[in-house]
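Bear in mind these aren't lab numbers, they're just calculated from the coordinates by the rules spelled out. Quantities reported herein were computed from a predicted structural model and do not represent experimental measurements. Here the Cβ is made from the backbone with ideal geometry for all residues, glycine too, and neighbour counts use every protein chain on show.
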């Protein structure tokens, strides 16, 4: 058994998929270079108000109720990819018959997904989840399923042996839909259709009833092929394709967006579509790439628009890398919002393009006796929010650098789960506590008074409590390094106890031997 | 029908809302007093005004919080450890051992495999000290506030702490206010501490606040005051010289006094803020 998924009025459906609120309105899709733009496709509502393909854009614009959208090949390719994703979620053997048609082999799928009518309904529902209104037909032969999908709207299941009866009422034009854009083929199809019309053949039942020999004498092998199709008995082998794992969605805007809030609405739609496609292929994503096409400065200034280089739209790229594969449109939206808040595009947005890098879902099993750890999705969002508060470089985990230089560390992304495999061979018992140092960042510049060459008094103007007479001292300890580089350092270091007004505190005092100056680097606490 | 929600509204004569009603969006219904039906249910009040109020004898006893090691044996002996799901305040002046205790607690928590956070109001954490104390840096999230004014830092700290508590899953969350002036730290409203206390309740997280003076009031379950004691600096010197040069000396130990000022963990009347117990612990200088 075979199923065919057909998307009627594909260019309009591709637009509806990105802008679902247009479904209730009259919509026309135009293409071509200005000022020679022509209407390419219309929906049913637009047809009722007199808009037809072939009209010029200027003519169509006279209708006030009409919404015009440019044809977007990227949206159509995304809709086609979504169609293939939908088909592949039910069968590994899928034929990419046309941009709007996919045929899949359902042999043996009953044991997985239930009876054939159930499968057909599931395909219909999944396509709707992906934003596509489709016709689904199931038949014994692929071409019979394709004809039924093209001719009968909704879900159709043709029992074996009843193909001829089920397809009989369809008009003969259905045999010629989906022909290639080759001019010769189109002319040949038009000639055959005109011949059949002259003979009074209006539907497939009439064509199927014609005598084979007489038909072959008049129309040749093509006539016989059409008759086999009309009887629903044409059998062939499917040409399966493997759908590329490319998950991209785009939307071109009628007017440029300036604020981030309306951008979030559009991003939400794109993310939901991408997540639905990924879910249908049982995949997650670990990287999201957002590309915004921005209005260039020259487009504000008509005079400078002459310069082609300057008038080219600017692109703004942001990449969101996730620590683990995830699939949550709301989470992605929040992360993108936070990222765009921290890094605004800086110009009105004309086009949004979003791509997801697919990854296999994370396979992890929690244990009853494992210590508590934050949920990765929640943690990612929390870290993004905190990064928005304190800055991206000021939140994360620490990594020490292999040098004796002070403050030799760098911040890196906090990924506790990835580090869970760290070999922990340290002793489980209590370790002896060590004196901790609290750093002053930046170090406090102080004035040091020496008596008989010994440290006697420290005064800090910036921090009043870091001053007083030196009660006790130990040092100096001299250290230097990186002398072969520009960032050479050399210093003398003391541990000192300062008598304040009411207490005594321990500090680390440093004398910079290269740049001069005395600093209090931190306090022992 | 589930039991009624016991609240202070009982005393004000407002109708009680039942859990199921609230969940299903129905308006709250007035409870029919048990006395009016002529049936007395054992374990309930005879007074109709108190119908629905759970008697004290039937109230569930809140389980004692789980205590975890602070990483310093003497401190554990004093306090019994650090309580999960509670706010613990550690206060003291500069050089009183607050950071040492914090790093010891972090080391103990990361050794247990827990993820920990330090929300650092003044950006004072020293990675070398943390490593020397045994903290596993891969499990430590460091939020560095402190690039702007103290008020701004405080705001960042509170918002970050709120987000982290909401996120959950951390074994220890430390709020380091140790270098903020007390007058700035006192700007934190008590409602915020109450909010933190409620957020951390019934979670396995230890919420630790490092500060100069106690500022959380009754919201903290444990208040430990640290300070130096007597001749608290211990140094190693070469005894061959009567007056050794300063470069021959080395800071080896600091003797710190810990005072348990308040503990709400033991089931007894709250003790006064006078000194209750003393304990000392030594810290040795690490070689950087």
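Quick notes on this one:
- Rel. contact order, % - alpha carbon contacts under 8 angstrom, at least six apart, the range B:151-206: 54
- Rounded if a/c under 1.5, otherwise prolate or oblate - the range A:64-118, Cα gyration tensor axes: prolate
- Square roots of 5 times each gyration tensor eigenvalue, C-alpha, the range A:38-83, largest first, Å: 23, 11, 9
- Gyration tensor verdict on the range B:127-196 (Cα atoms; rounded if a/c is under 1.5, prolate if a/b is larger than b/c, oblate otherwise): oblate
- Annotation: peptides A:383-395, B:95-107, A:1-13, B:187-199, ranked by per-residue average of other Cβ atoms within 10 Å with the highest first, follow the order B:95-107, A:1-13, A:383-395, B:187-199.
- Average 1/r across all pairs of distinct alpha carbons in the range B:87-243, invert it, and you get the Kirkwood radius: 16.3 Å.
- Rg and Dmax of the range A:82-207, Cα atoms only, in Å: 15.7, 48
- The range A:454-485 versus the range A:340-399: alpha-carbon centroid distance in Å: 42
- Pairwise centroid distance, computed over Cα atoms, of the range A:227-273 with the range B:169-214, Å: 50
- Average partner coverage of A:493-501, which counts Cβ from other chains inside 10 Å: 2
- Using C-alpha pairs below 8 Å separated by at least 6 residues, the relative contact order for the range A:444-511 is 24 percent.
- Note on chain A: along the principal axes its Cα atoms extend 126, 66, 42 Å, ordered by decreasing extent.
- Against the main long axis of the alpha-carbon atoms of chain A, helix A:73-88 sits at an angle near 80°.
- The protection proxy used here, the mean number of other Cβ atoms lying within 10 Å of each residue, ranks peptides A:154-164, A:207-217 as follows, highest first: A:154-164, A:207-217.
- Chain A, helix-only ellipticity at 222 nm - DSSP H runs n ≥ 4, -39,500 (n - 2.57), divided by all residues, nearest 500: -9500 deg cm²/dmol
- Inverse of mean 1/r across different Cα pairs in the range A:25-111, Kirkwood, Å: 15.0
- Taken residue by residue and averaged, Cβ atoms of other chains lying within 10 Å of the Cβ of A:377-386 number 5.
- Partner chain coverage, peptide B:153-162 - average Cβ within 10 angstrom: 2
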